[in-house]
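Structure first, then comments.
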Amino acid sequence: MSTGQKKNHVRVLVVSAHAADFVWRCSGTIANYTSRGDEVKVLCVTHGERGESGPIWKLKEGIKVEEVKEIRRKESEEAARILGANIVFLDWGDHPLVIKGEHYDILVKHLREFRPQMVITHHYCDLMNPDHIEVYNATMRAINLASVSGVQRETVPIPPVQIFLTEPHDPELVGFNPDTYIDITEVWPKKLEAMQAMKNSQGWLIEDFKRRGKHRALLSHRYSADQSVEYAESFKRVIPYVGSFF
Ligand SMILES: [Zn+2]
């Protein structure tokens, strides 16, 4: 069976629990890939309509959940357009997000069709947001399912993928020890623009993630000879590096 994929073309799959998580936590890295012609697909598992849309619920008396979701969808689509990424909304409902049964068939289908070399998702511990942990667990299980021969026999299992976990809100509290820093200085204007697309629903996070970007850049100066990094994103690598030399 042909997979229909071009060689030497990097495909990055981002699995984002809520509508804007991919923007805050890894949009600079997304923009790095898309700006050199690689392909990024964002799976938005939910719109974050219940738990991450506080100001939208206050827009007018009696606003309906479908209206909240529509606003969030438009924001996320705009952010994805700015970043040059494709975006798909699974709309499985948040707070609480429960991923089960048939949801895995859909995740496996996306993995088998897109065939990413890299997957970015949430960190396995996020005490303040169990939806994020749910998405980490589901992503890991789906990658496992997509890689075995006995599942969805009509499509081709995926080879091993690199997996990177994004920085949670409270890194020290949950033992987030990043081992990968990505320089996003050149694409910072794009990240800023993508964050601005979220200003009506989660605008207070823009300043937060500006500071985080600067903080991670400062730390990256300690680990690298490159002192020119102004903004960075940090990640935890799941799959170990394999090679003949370090
Ligand atoms: Zn979230």
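The values are calculated or read from the model by the stated rules, or taken from the named source; none is laboratory data. The structure displayed is predicted, hence computed values, not measured ones. Glycine gets a Cβ as well: all are built from the backbone with ideal geometry, and neighbour counts include every protein chain shown.
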(Q) Just the residues that are of a type in the set (Ser, Thr, Tyr) and at pLDDT below 95, please, taken from the range 165-209. (A) SER201
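Table: residues versus (1) surrounded by 14 or more Cβ atoms within 10 Å (Cβ to Cβ); (2) within 15 Å of the ligand (Cβ to nearest atom); (3) within 11 Å of ALA19 (Cβ to Cβ).
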residue: VAL45; (1), (2), (3): yes, yes, yes
residue: ILE71; (1), (2), (3): yes, no, yes
residue: ALA79; (1), (2), (3): yes, yes, yes
residue: PRO96; (1), (2), (3): no, yes, no
residue: TYR104; (1), (2), (3): yes, no, no
Q) For VAL40, which of the numbered conditions (1) more than 16 Å from the ligand (Cβ to nearest atom); (2) at pLDDT 95 or above; (3) not in a strand (DSSP E or B) fails to hold? A) (3)
Q | Hits in the range 20-37 - residues which are part of a helix (DSSP H, G or I) and among the charged types (D, E, K, R) | A | ASP21, ARG25
Q. Restricting attention to the range 134-153, does a residue exist that is at pLDDT 95 or above, small (Gly, Ala, Ser) and assigned to a loop (DSSP other than H, G, I, E, B)?
A. yes
Q) Across the range 5-37, which residue is farthest from THR180 (Cα to Cα) among those that are within 16 Å of the ligand (Cβ to nearest atom) and charged (D, E, K, R)? A) ASP21
Q: Could you grab me the full set of residues in the range 35-50 that are out of contact with any His (no Cβ under 9 Å at 6 or more places or on another chain) and under 13 Å from VAL119 (Cα atoms)?
A: VAL40, VAL42
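Is it true that PRO178 is touching a strand residue (DSSP E or B) at 6+ places or on another chain (Cβ under 6 Å), more than 16 Å from the ligand (Cβ to nearest atom) and over 24 Å from ALA80 (Cα atoms)? It would help to see each step written out before you state the result.
On the way: touching a strand residue (DSSP E or B) at 6+ places or on another chain (Cβ under 6 Å): yes; more than 16 Å from the ligand (Cβ to nearest atom): yes; over 24 Å from ALA80 (Cα atoms): yes.
It is true that PRO178 is touching a strand residue (DSSP E or B) at 6+ places or on another chain (Cβ under 6 Å), more than 16 Å from the ligand (Cβ to nearest atom) and over 24 Å from ALA80 (Cα atoms).
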Q) Would you say ILE206 is under 22 Å from GLU77 (Cα atoms) and either part of a strand (DSSP E or B) or within 18 Å of the chain's Cα centre (by Cα) (or both)? A) yes
Q. Residue check, PRO171 against (1) under 19 Å from GLY48 (Cα atoms); (2) within 16 Å of the ligand (Cβ to nearest atom), all met but one. Which one?
A. (1)
(Q) Looking at the range 142-155, can you tell me whether even one residue there is over 24 Å from SER234 (Cβ atoms), over 16 Å from the mean Cα position of the chain (by Cα), touching a residue at least 60 places away in the same chain (Cβ under 8 Å) and buried (at least 17 other Cβ atoms within 10 Å of the Cβ)? (A) no
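Among the residues of the range 125-132, are any in contact (Cβ under 8 Å) with a residue 12 or more places away in the chain and farther than 25 Å from VAL68 by Cβ?
The answer is yes, given that some residue of the range 125-132 is in contact (Cβ under 8 Å) with a residue 12 or more places away in the chain and farther than 25 Å from VAL68 by Cβ.
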